[in-house]
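Okay, so here's the structure we're looking at.
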Amino acid sequence: MRNRSGPSCELKLDLQDADELFVARDPDVASGMPGLPSGVDRIREQLDARSLPGSLAAVIVLPPAEVKSDLADDIGRALERYCEMGISKAESEIRLLRREGVRTMAIGLSLFAVFVILAETIVRTGLPQAVKDFLGSDGLFLVVGWVGLWYPIETLIYTPRPHRREIAILQVIRTMRVDVREEV
């Protein structure tokens, strides 16, 4: 459902036509215009650079010939579909990362256990204290054991964060109010 109350953030996009919301603008060297990312990419960049607002409005400014009476609703539906596809893709990536993290956690825990046992075994031997310290107590084998756990922990906790942020941004865009205005 589209948010129709007053927005806490308003973004303005000057476009040449409505399709430019999803398609990048080509450069026009003759008029001194560089290429521009699509309108939705510009919205995402602005949202990614700040705390997400509770509600959002996009004011899309188009040439008078491009403005139609139901264009705001058409754009709203297109944005909803775009966001739903993006959210679905990000959720799928998170599921894949979770599966990868769980699978590699077994390997990581096994490595950790093996190297902790090796470290303890070294500490209990009659080797010189310097060797025991280097390999055993707080030494190389313990570090290698912890390194074996790092990838699964990172995969489960940290790697999904950009995908969660993407979902949050797309949820804000999906519910934003769209106003279409003629350029003056």
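The values are calculated or read from the model by the stated rules, or taken from the named source; none is laboratory data. Everything quoted here is computed from the prediction, not taken from an experiment. All Cβ positions, even for glycine, are placed from backbone atoms using ideal geometry, and neighbour counts span all protein chains on display.
Identify all residues within the range 156-169 that are surrounded by 17 or more Cβ atoms within 10 Å (Cβ to Cβ) and in contact with a Lys or Arg (Cβ under 8 Å, 6 or more places away or on another chain); write none if there are none.
Pro160, Ile169 - these are the residues of the range 156-169 that are surrounded by 17 or more Cβ atoms within 10 Å (Cβ to Cβ) and in contact with a Lys or Arg (Cβ under 8 Å, 6 or more places away or on another chain).
Among Ile60, Ile117, Ile75, which is farther than 17 Å from Arg165 by Cβ and outside any helix (DSSP H, G or I)? I'd like the intermediate steps shown before the answer.
Details: Ile117 fails: outside any helix (DSSP H, G or I); Ile75 fails: outside any helix (DSSP H, G or I).
The conditions single out Ile60.
How many residues are in a helix (DSSP H, G or I) and surrounded by fewer than 16 Cβ atoms within 10 Å (Cβ to Cβ) when one looks only at the range 63-72?
First, the residues of the range 63-72 that are in a helix (DSSP H, G or I): 64-66, 71-72.
Of the ones still in play, those that are also surrounded by fewer than 16 Cβ atoms within 10 Å (Cβ to Cβ) are 64-65, 71.
Selection size over the range 63-72: 3.
Could you tell me which of the residues Arg44, Arg124, Arg99, Arg50 is touching a residue at least 60 places away in the same chain (Cβ under 8 Å) and either touching a Gly at 6+ places or on another chain (Cβ under 8 Å) or on the phi < 0 side of the Ramachandran plot (or both)? Don't jump to the end; show me each part of the working.
Working: Arg124 fails: touching a residue at least 60 places away in the same chain (Cβ under 8 Å); Arg99 fails: touching a residue at least 60 places away in the same chain (Cβ under 8 Å); Arg50 fails: touching a residue at least 60 places away in the same chain (Cβ under 8 Å).
Residue meeting the stated conditions: Arg44.
Tally up the residues in the range 144-184 that are hydrophobic (A, V, I, L, M, F, W, C) and more than 15 Å from Val40 (Cα to Cα), please.
Taking the range 144-184 first, the residues hydrophobic (A, V, I, L, M, F, W, C) are 144, 146-147, 149-150, 153, 156-157, 167-170, 172-173, 176, 178, 180, 184.
From what's left, more than 15 Å from Val40 (Cα to Cα): 144, 146-147, 149-150, 153, 156-157, 184.
Residues flagged as hydrophobic (A, V, I, L, M, F, W, C) and more than 15 Å from Val40 (Cα to Cα) within the range 144-184 amount to 9.
Which members of the range 42-69 meet the condition of being of a type in the set (S, T, N, Q) and more than 25 Å from the chain's Cα centre (by Cα)? If you could, list the steps in order and put the result at the bottom.
So the first thing to find is which residues in the range 42-69 are of a type in the set (S, T, N, Q), and the list is 46, 51, 55, 69.
Within the range 42-69, Ser69 is the sole residue that qualifies.
Please enumerate the residues belonging to the range 133-150 that are surrounded by 15 or more Cβ atoms within 10 Å (Cβ to Cβ) and not in a helix (DSSP H, G or I).
Residue satisfying the conditions is Gly139 alone.
When you look at Leu118, is it in the same structural domain as Val147 (by TED's automatic domain parsing) and touching a helix residue (DSSP H, G or I) at 6+ places or on another chain (Cβ under 6 Å), yes or no? Walk me through how you get there before you give the answer.
Details: in the same structural domain as Val147 (by TED's automatic domain parsing): yes; touching a helix residue (DSSP H, G or I) at 6+ places or on another chain (Cβ under 6 Å): yes.
Taking the combined requirement at face value, the residue satisfies it.
Condition first: closer than 30 Å to Ile167 by Cβ and touching a residue at least 12 places away in the same chain (Cβ under 8 Å). Can you find one or more residues in the range 143-150 that meet it? Please lay out each step first, then the result.
So in the range 143-150, the residues closer than 30 Å to Ile167 by Cβ come out as 149-150.
Adding the requirement that they be touching a residue at least 12 places away in the same chain (Cβ under 8 Å) leaves 149-150.
Looking for residues that are closer than 30 Å to Ile167 by Cβ and touching a residue at least 12 places away in the same chain (Cβ under 8 Å), one finds at least one in the range 143-150, hence yes.
Listed here are the residues, each with its yes/no results for (1) over 20 Å from the mean Cα position of the chain (by Cα); (2) over 30 Å from Tyr158 (Cα atoms).
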| position | (1), (2) |
| --- | --- |
| Asp17 | yes, yes |
| Ser31 | yes, yes |
| Val40 | no, no |
| Leu71 | yes, yes |
| Arg98 | no, no |
| Met105 | yes, no |
| Ser110 | yes, no |
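Has the range 38-49 got any residue that is buried (at least 16 other Cβ atoms within 10 Å of the Cβ) and at pLDDT below 90?
no
Is it the case that the range 1-12 has a residue that's hydrophobic (A, V, I, L, M, F, W, C), more than 30 Å from Leu156 (Cβ to Cβ) and surrounded by 15 or more Cβ atoms within 10 Å (Cβ to Cβ)? Please lay out each step first, then the result.
Step one: filter the range 1-12 for residues hydrophobic (A, V, I, L, M, F, W, C), giving 1, 9, 11.
Then drop every residue that is not more than 30 Å from Leu156 (Cβ to Cβ), which leaves 1, 9, 11.
Those left that are additionally surrounded by 15 or more Cβ atoms within 10 Å (Cβ to Cβ): 9, 11.
Among the residues of the range 1-12, at least one is hydrophobic (A, V, I, L, M, F, W, C), more than 30 Å from Leu156 (Cβ to Cβ) and surrounded by 15 or more Cβ atoms within 10 Å (Cβ to Cβ), which makes the answer yes.
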